[in-house]
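Peer 1: Attaching a single structure in structure tokens format; questions to follow.
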Amino acid sequence: MSASATTAPGGPDADGSGSALRDDAPPVPAQTAAPSSAAPEPGSAVPGAGRSGEPEAGTERAVPPEPAAWYDRARPLADGRDPAERRARASQSFWTALVGVPAIFSVLRLGVEAGGELQTTLLLVANVGPVNLLAGFLTTAARLLSTGLVAVFAFGAVLGASVDRLPPGTRRRPLFARWAEITPVWLVLASFLLALVTWPLLYLPLLIPAFVAALQLTPAHLHERVGARVLLVLALLGGYAWLLLPTLLDAGRQGELLPLALLAVPPLLALGISGPLPGAVIRPLASVTEVAVLAMLVWAALPVISTPVLPLTVTTVGAETGPTEDVRGHVVTTDDVNMVILQEQGGVRYVPVGLVRGQVLCPSEEELPRHQLRIHDFHVEDSLLEGLGRRVRPVHRIDAACR
């Protein structure tokens, strides 16, 4: 006779392991282990927490605000989409615009320079090499390119920090916010550096609020104490005022209101440009900024397209004993027979090399100064590169043939 083995409740064999079972007993179904990520039951203890569910003393740390919150690539989206998919789609449109816009502008510049004539355009294409075209584009369009990038990064960071305040179901991120998120940090810094060396000094103060907005900096990042924070802000504003005080006084005496506002207002604007915006203004602001940046680029692109690719010269032509003539235009090419000149008033002229008596380089009308303001011996309409270049080689007197 076989006796069935019994096990005391709570004994070592309560879980079925090691228990003596009869051969004819039905199999006991194996219990499935609870997943480790299951939520703890109410009242159960949580590691690292006290009896009341609060963190234990010493485990909570104050986390300072991050200046580049928009750069958090792993932040989940409100609509549940994959951040990698979002970056892939946004990067395609961003890099297409970044590479395609300069190429389109280069072709348009040759067409405008040729006066819209097909044969003259083909002549320029055959004689203006890609290196010369790229150099001319960078020297004249670097401001346009840096302006567009700075505007996109500044507005995109502000909109990206505010998109979480949109109503549920309408949290599709604005275009500039997506572009700012997929852009590497080195490109953001390179854009501001390019603007720093190519923008006229008159517009350089605008980079201060743009940089603060792009990195989402606030006065709280200067110091954790309010008193020290206020002192640092006052010291920065005081140093800026000391640097530009002579120029501000000259602008006030001359009645130059626009330069006065461009030099004085941007540092004050930088104090409150960061931070999330109200949800009601995000969508309208995103549409307005996109249209405004596009209009600004179109307005700034007109001078870039119309800027000559070749230098402006005045060539003196005539026989040795006869009268001479000044031909004003751009030298396209020179060979053993002729010098090809694209005249300023239109048309192409072939001048025999033997009749050329002299040639001078002339500035264009756009290079003439409009303001009589200087910032420590630098003219406000010159960039840092132009100002340093004028110190190495001062501007020569304009030849009488150029007037």
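The values are calculated or read from the model by the stated rules, or taken from the named source; none is laboratory data. Note that the structure is a prediction, hence the values are computed from the model and not measured. Every residue, glycine among them, receives a Cβ derived from its backbone with ideal geometry; neighbour counts consider all protein chains shown. Please note that ligands, DNA and RNA were not included when accessible areas were found on the heavy atoms of the full protein model with its side chains. Shrake-Rupley method; radii C 1.70, N 1.55, O 1.52, S 1.80 Å.
Peer 1: If you take the charge dipole of region 270-403 about its Cα centre, with +1 on Lys and Arg Cβ and -1 on Asp and Glu Cβ, which of 288, 346, 368 is farthest toward its positive end?
Peer 2: Positive-most Cα among the choices belongs to 288.
Peer 1: Excluding ligands and nucleic acids, what accessible area in Å² is computed for residue 337 using a 1.4 Å probe, to the nearest 10?
Peer 2: 100
Peer 1: Around residue 379, what is the net charge, scoring Lys/Arg as +1 and Asp/Glu as -1 over all other residues with Cβ under 14 Å from its Cβ? Intermediate values should be presented prior to the final figure.
Peer 2: Working: positive: 370, 374, 390, 391; negative: 250, 256, 367, 377, 381, 382, 386.
Charge balance in the 14 Å sphere: -3.
Peer 1: Given the protein chains as shown and a 1.4 Å probe, how many square angstrom of residue 211 are accessible, to the nearest 10?
Peer 2: The value for residue 211 is about 80 Å².
Peer 1: Just to make sure I understand: if all protein chains stay in place, what is the order of 271, 236, 204 by accessible area at 1.4 Å, largest first? Could the numbers behind the result be given before it?
Peer 2: Values: 271 80, 236 115, 204 30 Å².
Ranked from most to least accessible, the order is 236, 271, 204.
Peer 1: At a probe size of 1.4 Å, how large is the accessible area of residue 336, to the nearest 10 Å²?
Peer 2: For residue 336, the solvent-accessible surface is approximately 150 Å².
Peer 1: Also: Order the following by accessible area, largest value first: 293, 331. Probe radius 1.4 Å; ligands, DNA and RNA are ignored. Mind showing how you got there, number by number?
Peer 2: Working: 293 10, 331 35 Å².
Largest accessible area first, the residues go 331, 293.
Peer 1: May I pose another question? Points 7 angstrom from Cα along the Cβ direction at residue 337 and residue 118: gap in nanometres?
Peer 2: Distance between label points: 2.4 nm.
Peer 1: I would also like to ask the following. Which order do you get for 289, 139 if you rank them by accessible area with a 1.4 Å probe, largest at the top?
Peer 2: On the way: 289 10, 139 110 Å².
Descending accessible area places them as 139, 289.
Peer 1: Further, regarding this structure: Positive end of the charge dipole of region 197-335 (Lys, Arg +1 and Asp, Glu -1 on Cβ, about the Cα centre): tell me which of 244, 264, 228 has its Cα farthest that way.
Peer 2: Result: 228, furthest along the dipole toward the positive end.
Peer 1: Could you pull out the GluC sites (Glu not before Pro) across region 320-403 that fall in loop regions by DSSP (anything but H, G, I, E, B) with no more than 12 other Cβ atoms inside 10 Å?
Peer 2: Details: sites: 320, 325, 344, 365, 366, 367, 381, 386; in loops: 320, 344, 381.
Those satisfying the criteria are 320.
Peer 1: Still on this structure: What are the ³J(HN,Hα) couplings of region 175-183, residue after residue, when phi is run through the Karplus curve with 6.51, -1.76, 1.60 and θ = phi - 60°? Round to Hz, x for glycine and proline.
Peer 2: My calculation for region 175-183 gives 4, 5, 5, 5, 5, 5, 6, 8, 7 Hz in order.
Peer 1: At R0 = 41 Å, how high is the FRET efficiency between residue 268 and residue 357 if r is their beta carbon distance? Nearest 0.05 is fine.
Peer 2: Details: r = 58 Å, r/R0 = 1.42.
Once rounded, the FRET efficiency stands at 0.10.
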